Amino acid sequence: MRILFEGEEYQVQLKPEGNTIINGKAVSWNGNLLEGVEDITQYDEEGNETLPEIEFDEAEGVPV
């Protein structure tokens, strides 16, 4: 699952029990996202999770 948390995107797998922690802060409890955390997961036509395309600066070789 992809989430948006404090302005940053993360790829995470939520723990079914207890907290899921990112950067020392809880983002979920018992598999449920906490307030302020947004699910931004994208799915294809068949319901499979997809990852967004990442654009690279060809001269620098880094994501833009």
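Please list, ordered by chain and number, the residues whose modelled amide H lies under 5 Å from the amide H of Asn19; skip anything fewer than 5 residues away on the same chain.
Hits under the 5 Å cutoff: Asn30.
What is the sum of charges, Lys and Arg at +1 and Asp and Glu at -1, for the other residues whose Cβ falls under 14 Å from the Cβ of Glu38?
Result for the local shell: -4.
Once you have a ≥ b ≥ c as the square roots of the Cα gyration tensor eigenvalues for the chain, tell me rounded if a/c is under 1.5, and otherwise prolate or oblate according to whether a/b is larger than b/c.
Oblate, since a/c reaches 1.5 and b/c is not below a/b.
Using the beta-carbon distance between Lys15 and Glu55 and R0 = 35 Å, what value does 1/(1 + (r/R0)^6) give for FRET efficiency, to the nearest 0.05?
Computed FRET efficiency for Lys15 and Glu55: 0.65.
Work out the length of the dipole vector of the chain about its Cα centre, built from +1 on the beta-carbon of each Lys and Arg and -1 on the beta-carbon of each Asp and Glu, and round it to the nearest 20 debye.
In debye, rounded to 20, the chain gives about 560.
What is the extension gain from Ile40 to Leu4, computed as 0.36 nm multiplied by their sequence separation minus the C-alpha to C-alpha distance, in nm to one decimal?
12.3 nm
Could you run the Karplus curve 6.51 cos²θ - 1.76 cosθ + 1.60 with θ = phi - 60° over the range 36-50 and give me ³J(HN,Hα) per residue in whole Hz, x for Gly and Pro?
x, 10, 10, 7, 10, 4, 10, 10, 8, 4, 8, x, 8, 5, 10
Laboratory data are not the source of any read-out in this text; all were calculated from the coordinates shown. All of these numbers come straight from a predicted model, not from anything done at the bench. Because the Cβ atoms are built from the backbone with ideal geometry, glycine has one as well, and the counts that use them run over all protein chains shown.
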